[in-house]
C-alpha cells in the first residue's frame, strides 16, 4: 500500500508522559486544536518508562508509526528520567534505521503541558510523514494482519 | 600448557583454590569443553590450545556461588567480561583466582570446515606459536593445510590487545592478532539503502532457529530469568513463527547488553547458523562511541555505563536521520 | 537403476517442481538448510549435513493449529489446514531417513498426529548416500547404512552422474514422472561406491562406539548415576542440540494474541529450556542437570523402553558439530563407558 491509496489510515501510537505531553494533549483538546484520530495515546508515568520493547511491540501489533513525547530536557517531573530516555531512544532508533526500518516511523518530541499547539502540530506532521511512508511492512507480525 | 597445569596443581595442592576452571580435551582434535577440575589427577585431561575459544567468565557466575576459590583461566579478551561482571556484582572477585593465560588468537572450526576440510583425524599446530602460520590437518581424505589467518575467529581479527585487564598472575605469551577494523562492516551496512539493509538482515536472521545459544553464552546476559523466558510474555520465545520474532529477539538481546557488551564475540562464535550477531552489538558500541564518547565495557570496574548515564546536551534522537 | 548427469539436475528439479513442492539443501547466507527449490536457489547437494535436519519438512519448527477471530460479537474458529499437496524432499541422508522412522513411532502411533500423518502421506523422500562421511558421524552404531539410504528413492552421486533407484511405490511413482530425464544404468558402479563408503565408515573414530548398558531396562541405574552431576556442568542450556537434531520430537503449544483473536500454534520445544513441560503446578525438572539428563535418557533409555529397543538417536553427529560447549551424546556415552571400566 502506498500514498496513492487514499484509504490508508495509519495506526500511530503515541507514548505520552503523564506530567507534560499528556496534559499537552488535553490542552490541545480544550483549545479546539485538531489532530488526526489515527493517533492513539498511551499514557506513561515518565518518558523513561518507555522500554524499547514497547516500541517494537507497537510495531509488531500493527502500528505504522510510534512517537514518544516527554518533558523538555531539564523539566522532568522526576528530574532526570527524560535524559535516560533520550539516550535509549537514540540508540534504538539508530538500530531500527540500521536494520532497514525507515527512520521516519519513529520520533521523539519534547512537549510541555503548556504546549497544546506544539502537540497538535507535532501529531499532524507525524501523521503526514507516516502517510508518505505508507504501511509498515518491515516490522509487523503477519499474524496480526488477519 | 604444561606450565599452566603445574601451577594449577600447585595451587590445588596448597589449598589456595578448591577447583580449576579450564578446558578439558575431547576426543576430536577440535572440541575441548569448559570443565572444572577438582583434583591434581584430573588435570591430565586439561588442555589449552587454539580451540579453547570459550569465554569462561560466564561460568564464574555459577562458580562464585560455590565453596572456596575457583582458579579460572582467562584470555585477555575474557578479562573484560570478568570486569564487567564484577561491576554488576554478578561474580565475586574474592572467589576467583585469575590466571591470565596467553592468547595468540583462537580458531574457528566452522571456518576450517567451510574451506572444504572434512573427515578430520588430527590437527597439527592447534597450539598456536609464533613460528608457524599454518595448521596442518590430517583427514581421512588426505592432508590439508589452512593458514591461521583463514581459520581465526572473527573476533581475533579485531583483537582488543594482549593486555589482561584483571589477573592474579599471568602465564604464557600473548600476541595481538588484529588485522582489521572493528567497525568496518557496520559502516558498510550503514551506507546501504533501507531496502538493502533490510534485505541483508532479513536474510541473515531468517536462519535463526531460536536456540538461544547467543544469549546463554553471553557473559553480559546474566539475568536470573530472561524476559524472553517469561511465560507471561506472548512473544514466541523459542519459535520462529514469524520473521518479526527473530528481529525483536535480536534487537532486544543486543539492546539489553548495550553499553555492557565487551564485544567478546561469543555470540557469533556459538551461533549454529553462523549469523554475524556481533554486527548488532557493534552497532550499539559504535553509536555509543560516536555520540557519548569512547567507551569500552569491562575496561574498569567502576565507571558508569553509557545507558545509566547522561549529559545535559546529549544528542537528540532526531540525529539518527541526519547522520551520514 | 537409472542415472542422470549432474548438469541435468536443474532440469530434474524443475520438472519435479512443476507438479509438486520440492525441498532440498539450499545455501542461504553461507549456511545450508533444507528449503523450497526455486530457479535462484543455490542448491548444495555436496554438503554432507544441513545445519538443521530435514525433519522440518514433516514436522516444522512451528505450525499453526487453528486461529480464532473476533467477528463482531461472534468468534470464528478456523482449523489449520492439513497438507494436501504432494511434495518431494530431495537429498536427505540415510541418518535423516532413519530419523523419520523415529518420529513415525511417536506421531503415527495412537493417537495419530494428523498434521504429521498428512505430511508423511504426501511426502516422497529421495535420499542421497553419503559420498564422504565425516569424523562426527556415528550412524553405523544405530544400524544405519550411510551407503544405502532406506528411502522412497535412493540416490548416489558418483563422478558426474547421479544414480537413481526407486525403492517403494511412492518412489516408483516419482520415477515415472521424471523418467524422460533418466537413462538406464547398471549397478556395478553403485556397488563400488557403496564399498568405498563402507571403507571410509570403518575409518571414522565414532563408528564403533559401544552402546553397552544403554537399553530400556537401565532406567534407575542410569537415572540415579552421580555422573550426570559432572557431565551437565559445561551445558549452557541453549537448545542448539535439540533444534538441529533429526529425532527430537518434543513440542510446545502456545497461543499468540493477534489483537483480534488468538492464533494457536505448536513449536519445537527443547528439554534444555527452563519452561520445558511447564505445567500449572510449576516445572517437574527444576535444575539444568535434570534437564540435561532428560535429553540423553530419552534418547537411550526411555525411547528404547517404549519402542522395542530402538534408540532415538541416529548418529547424524549434528550435535557433535554444533554444541557451543562441545558437549554431545558421544561424550556422554563414553563417559559412562569409562566409569564402567574403572569400577
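Points worth noting:
- So residue C:70, is it under 14 Å from the mean Cα position of the chain (by Cα) and either assigned to a loop (DSSP other than H, G, I, E, B) or in contact (Cβ under 8 Å) with a residue 24 or more places away in the chain (or both): no
- On inspection, residue C:271 passes the criterion of being surrounded by 16 or more Cβ atoms within 10 Å (Cβ to Cβ), under 28 Å from residue C:312 (Cα atoms) and away from chain B (no Cβ under 11 Å).
- Filter result (in contact (Cβ under 8 Å) with a residue 12 or more places away in the chain, in a helix (DSSP H, G or I) and over 18 Å from residue A:139 (Cα atoms)) within the range A:61-89: A:81, A:82, A:84, A:85, A:86, A:88
- Residue in the range B:177-192 that is farther than 26 Å from residue C:244 by Cβ, in contact with a strand residue (DSSP E or B) (Cβ under 9 Å, 6 or more places away or on another chain), away from chain A (no Cβ under 11 Å) and buried (at least 20 other Cβ atoms within 10 Å of the Cβ) present: yes
- Residue within the range A:40-60 that is within 24 Å of residue B:290 (Cβ to Cβ), part of a loop (DSSP other than H, G, I, E, B) and modelled with pLDDT of 95 or more present: yes
One line per residue, one yes/no per condition, for (1) at pLDDT 95 or above; (2) outside any loop (DSSP other than H, G, I, E, B):
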| site | (1), (2) |
| --- | --- |
| C:172 | yes, yes |
| C:186 | no, no |
| C:208 | no, no |
| C:214 | no, no |
| C:220 | no, yes |
| C:230 | no, yes |
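- Unique residue being assigned to a helix (DSSP H, G or I), outside the structural domain of residue C:109 (by TED's automatic domain parsing) and without any contact (Cβ under 8 Å) to a residue 12 or more places away in the chain when the list is C:294, C:290, C:337: C:290
- Being crowded, with 21+ Cβ neighbours inside 10 Å, free of Cβ contacts under 8 Å to residues at least 40 places away in the same chain and in the same structural domain as residue C:158 (by TED's automatic domain parsing) is true of residue C:50.
- Whichever residue in the range C:321-332 is part of a helix (DSSP H, G or I) and within 11 Å of chain B (Cβ to nearest Cβ) and, among such residues, is nearest to residue B:58 (Cα to Cα): C:322
- Matching residues, the range B:201-232, being more than 29 Å from residue B:298 (Cβ to Cβ) and within 9 Å of chain A (Cβ to nearest Cβ): B:202
- If the condition is being part of a helix (DSSP H, G or I) and either within 14 Å of chain B (Cβ to nearest Cβ) or within 15 Å of residue B:28 (Cα to Cα) (or both), then the range C:297-320 contributes C:318, C:319, C:320.
- When the range C:68-113 is limited to residues that are surrounded by 21 or more Cβ atoms within 10 Å (Cβ to Cβ) and touching a strand residue (DSSP E or B) at 6+ places or on another chain (Cβ under 6 Å), the one that is nearest to residue C:138 (Cα to Cα) turns out to be C:97.
- Looking across the range B:271-324 at every residue that is at the interface with chain A (Cβ under 8 Å from one of its Cβ atoms) and in contact with a strand residue (DSSP E or B) (Cβ under 9 Å, 6 or more places away or on another chain), the one that is farthest from residue B:206 (Cα to Cα) is identified as B:316.
- Scanning the range A:29-80 for residues that are under 25 Å from residue B:308 (Cβ atoms), over 17 Å from the mean Cα position of the chain (by Cα) and more than 10 Å from chain B (Cβ to nearest Cβ) yields A:75, A:76, A:77, A:78, A:79.
- Checked against the criterion of being in a helix (DSSP H, G or I) and either within 16 Å of the chain's Cα centre (by Cα) or in contact (Cβ under 8 Å) with a residue 40 or more places away in the chain (or both), the candidates A:120, A:112 yield just one match: A:120.
The values are calculated or read from the model by the stated rules, or taken from the named source; none is laboratory data. No experiment lies behind these values; they were computed from the predicted model shown. A quick note on method: Cβ atoms are made from the backbone with ideal geometry, for glycine too, and the neighbour counts reach across all protein chains shown.
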